[in-house]
Amino acid sequence: MEQFKGKIAFGGIAIGPVRTIGSSHQMVRRTRVEDVTQELKRFSDAKECAIEELKALYEKALPQVGEEHAAIFEVHQMMLDDADYCEAIEHMIASQQVNAEFAVATTGDNFAEMFASMDDDYMRARSADVKDISERVIRILCGVHESTDGDQHPAIILADDLAPSETIQLDRKSVLAFVTREGSVNSHTAILARMMNIPALVATPAGEVTDGTLAIVDGKQGLFITDPDGETREKYEKLLAAEQEQRKLLATLKGRESVTKSGRKIHLYANIGGVSDVAAVLENDAEGIGLFRSEFLYLQNNDYPTEEEQFSAYRRVLEMMAGKRVIIRTMDIGADKKIDYFNLDEEENPALGYRAIRICLDRQEIFRTQLRALYRASIYGRLAVMIPMIASRWEVVEVKRIMAEVRSELDAQEIPYGEIELGVMIETPAAVMIADELAQEVQFFSIGTNDLTQYTLAIDRQNNKLDRYYDAHHPAVLKMIKMVVDAAHEAGIWAGICGELGADTELTRTFVEMGVDELSVAPGMVLPIRKGILEAE
Ligand code: PEP
Ligand code: MG
């Protein structure tokens with residue numbers, strides 16, 4: 001028995017045989033070619049064929065994972081047509097008289113390394129994509145057909161770094177879990193695993209494992225165990241059975257109202273990152289959306305998303321939620337969420353830096369585009385908008401002034417819009433201390449405990465060395481939540497929690513006692529929290 005510790009991309013337990021997914025890289029050898037023109041044509045034909053495959057993959061993925069996640073196959077098509085990438089390959093074939101396979105493999109490695117060394121998380125994650133497109137072309141050059149994986153037995157997939165296109169091609173029913181040796185929790189593979197509701201570990205230092213070896217993935221503790229001994233296997237079989245039993249029990253809570261024993265209603269909402277997550281919200285019977293992190297629309301684009309693009313995303317979410325409250329947070333770019341096209345300066349202390357509303361108030365054209373899209377979408381459902389990273393009352397006053405200007409502009413253009421409930425995120429200690437004043441300006445508060453913990457305890461939430469100090473149960477944080485709820489109620493508005501702490505089942509009872517009106521959690525946590533609410537006084 002061997003045990004490896006990885007990073008958790010998605011929780012849960014899986015037991016089953018390992019299926020390794022290798023790369024086509026091993027097949028590549030350097031050979032000298034005499035006819036360079038013919039070799040350039042081989043590359044160009046293989047590239048065209050790869051683009052055709054990717055178009056087909058996009059069509060296949062669309063109904064399975066939605067536009068937002070299928071879009072990666074369009075990105076791959078663009079990457080394959082990228083002038084720098086193609087010219088580097090063609091130049092190598094021509095100047096070194098090497099075979100196309102070798103030129104693609106070498107260029108792919110060089111580009112992947114370049115992406116991997118970048119500071120930006122998003123760009124680093126592109127390293128897997130460039131490897132993926134290169135391996136696709138190499139496979140075509142080698143005359144190997146893509147496997148369809150149609151009738152595979154369920155297995156734990158082990159790979160160095162599973163590419164998004166490999167992930168999507170796997171038949172969901174045949175995948176018990178994913179384990180990758182490399183990769184980040186921000187990669188598309190991790191995102192797809194969460195979407196598929198499959199336990200997944202990344203950055204797991206597992207050695208070579210023979211196909212068919214029995215293994216266990218413990219997505220709660222981040223463990224990948226191969227060849228488990230009898231006792232370990234028995235322990236995990238029990239845990240798996242309990243997990244399945246728990247899921248069945250929780251499913252019986254669908255359709256139930258989230259009310260405490262004393263009859264107090266708690267609004268139980270879900271957090272999403274894009275349109276395609278709405279399916280999971282509905283599946284888990286959330287009563288609304290408490291946090292739509294709109295910056296993901298910006299993160300997955302190569303340029304500022306247009307008003308039309310944003311309008312269409314917001315409208316679809318509102319329509320799918322059919323009159324249930326949808327709270328969209330205006331974009332929270334900055335700190336760990338960096339985007340090249342924003343051209344932001346490097347900062348010594350990005351978490352304390354230029355982010356969220358601070359960017360919006362300076363670069364108002366970006367903010368106004370988002371607000372126009374939000375107002376236009378507001379007629380399609382019950383829309384609420386909240387502003388992140390508020391620290392001062394004047395910021396809210398200014399936001400309201402800009403919102404009024406946007407409304408006047410829409411009036412002048414005779415563009416219809418509806419009512420928008422306005423709220424602020426309470427995620428700085430300053431906002432907690434002036435909650436009574438902020439409550440005069442808005443209709444609700446949503447407490448962002450992830451940042452509130454970071455700023456209250458002076459702990460960089462990105463620094464994993466500080467994990468043991470990052471204590472969201474710290475009395476300072478809990479006292480602040482209580483202060484915010486009291487200030488809200490005093491002013492006659494409501495207060496919820498949308499940070500990760502809202503999904504902490506150990507605290508549900510405490511939050512109910514504090515008078516929290518709303519909890520917004522990951523879709524998969526809605527039913528466990530409903531259970532906690534039903535059991536609270
Ligand atoms: C928070 O800070 O708690 C929050 C919900 O926002 P994010 O995690 O996106 O910063
Ligand atoms: Mg935050």
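The values are calculated or read from the model by the stated rules, or taken from the named source; none is laboratory data. Because the structure is a prediction, the values reported are computed rather than measured. Cβ atoms come from the backbone with ideal geometry, glycine included; neighbour counts cover every protein chain shown. Just so you know, the surface numbers come from the protein's heavy atoms only, side chains and all, with ligands and any DNA or RNA stripped out. Shrake-Rupley method; radii C 1.70, N 1.55, O 1.52, S 1.80 Å.
Quick look at the values:
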quantity: Residue list for segment 425-437, filter: farther than 21 Å from P350 by Cα and within 16 Å of ligand 2 (Cβ to nearest atom); calculated: V432
quantity: Hits in segment 400-430 (condition: hydrophobic (A, V, I, L, M, F, W, C), more than 16 Å from ligand 1 (Cβ to nearest atom) and closer than 20 Å to R325 by Cβ); calculated: M403, I420, L422
quantity: Contacts under 7 angstrom Cβ, first residue in segment 400-425 being over 17 Å from E308 (Cα atoms), partner at pLDDT 95 or above and open to solvent by 70 Å² or more (accessible area, probe 1.4 Å), 6 or more apart; calculated: G418/I379; E421/Q443; L422/Q443; G423/Q443
quantity: Residues that are of a type in the set (S, T, Y) and more than 13 Å from G16 (Cα to Cα), drawn from segment 211-246; calculated: T232
quantity: Every pair of residues 6+ apart whose Cβ atoms lie under 6 Å, when the first sits in segment 439-457 and is touching a residue at least 60 places away in the same chain (Cβ under 8 Å) while the second is more than 10 Å from ligand 2 (Cβ to nearest atom) and among the small types (G, A, S); calculated: F444/G423; S446/G423; S446/G496
quantity: Selected residue (criterion: surrounded by the most Cβ atoms within 10 Å (Cβ to Cβ)) from residues of segment 207-222 that are closer than 17 Å to I13 by Cβ and at pLDDT 90 or above; calculated: V217
quantity: Residues satisfying the stated conditions in segment 438-484, i.e. away from ligand 1 (no atom under 15 Å from the Cβ) and within 19 Å of R358 (Cβ to Cβ); calculated: L438, E441, V442
quantity: Selection from segment 407-441 of residues that are hydrophobic (A, V, I, L, M, F, W, C) and surrounded by 21 or more Cβ atoms within 10 Å (Cβ to Cβ); calculated: V424, M425, I426, A431, V432, A435, L438, A439
quantity: The listed residue being touching a strand residue (DSSP E or B) at 6+ places or on another chain (Cβ under 8 Å), within 16 Å of ligand 2 (Cβ to nearest atom), open to solvent by 40 Å² or more (accessible area, probe 1.4 Å) and not aromatic (F, W, Y), out of R382, R358; calculated: R358
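Yes/no matrix, rows are residues, columns are (1) surrounded by fewer than 18 Cβ atoms within 10 Å (Cβ to Cβ); (2) under 25 Å from I333 (Cα atoms):
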{"site": "A241", "(1), (2)": "yes, no"}
{"site": "E257", "(1), (2)": "yes, no"}
{"site": "S262", "(1), (2)": "yes, no"}
{"site": "E287", "(1), (2)": "no, no"}
{"site": "F296", "(1), (2)": "no, yes"}
